[in-house]
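See structure below.
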Amino acid sequence: MKRMHLHVSVDDLNKSISFYNTMFGQGPTVIKSDYAKWMLDDPLVNFAISQRGTKVGLDHVGIQVDGEDALSEMKARFDAAELSVLTQEGTTCCYAKSDKHWVQDPSGIAWETYHTLDSAPTFNDAKGQADSACCAPSAQQVQFISRRNNAL
């Protein structure tokens, strides 16, 4: 099974939680001081919001998969589309440890496909960056991967 993942940066977490609780008809499955996540079955979506000092709006989108085989399948799709891929193994992001692959669409929107391995007590791996934004790679990181791939 694959589940759509959407992550939105918000300017007021509490008001946004209240709004999305009402819209989805249920509360979040994970809630932190700067983050909330709803694992919805109808619609089938992993919807997350965070308040971490970044631009308000869509942060990134993705596809959450159930296992390594499905993650490998998604990586093969990215490769077949000749997209520059940034791979992260055992990375911590959004209070979860995951294996993931990142790409950017032609408009620069970050997409991830990932398999969650475990929960994590911190938002991300970055030491001393408590106010850092979500873990989506910057355009510069993906451009670097693209240049590196083109050089091979």
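The values are calculated or read from the model by the stated rules, or taken from the named source; none is laboratory data. None of the values given here were measured: they were computed from a predicted structure. Reconstructed Cβ throughout: ideal geometry from the backbone, glycine too, with neighbour counts over all protein chains shown.
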Only residues in segment 19-35 that are over 12 Å from Phe47 (Cα atoms) count as the first member; pair them with residues that are of a type in the set (Gly, Ala, Ser) and assigned to a strand (DSSP E or B), Cβ under 6 angstrom, at least 6 apart or cross-chain, and list the lot. Asp34/Ser50
Out of the residues in segment 110-128 that are surrounded by 12 or more Cβ atoms within 10 Å (Cβ to Cβ) and either over 22 Å from Ala70 (Cα atoms) or over 12 Å from the mean Cα position of the chain (by Cα) (or both), state the one that is modelled with the lowest pLDDT. Ala126
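If you check Leu58, Leu117, Leu40, which single one turns out to be touching a residue at least 12 places away in the same chain (Cβ under 8 Å) and in contact with a helix residue (DSSP H, G or I) (Cβ under 7 Å, 6 or more places away or on another chain)?
Step by step, each of Leu58, Leu117, Leu40 is checked, and only Leu40 is touching a residue at least 12 places away in the same chain (Cβ under 8 Å) and in contact with a helix residue (DSSP H, G or I) (Cβ under 7 Å, 6 or more places away or on another chain).
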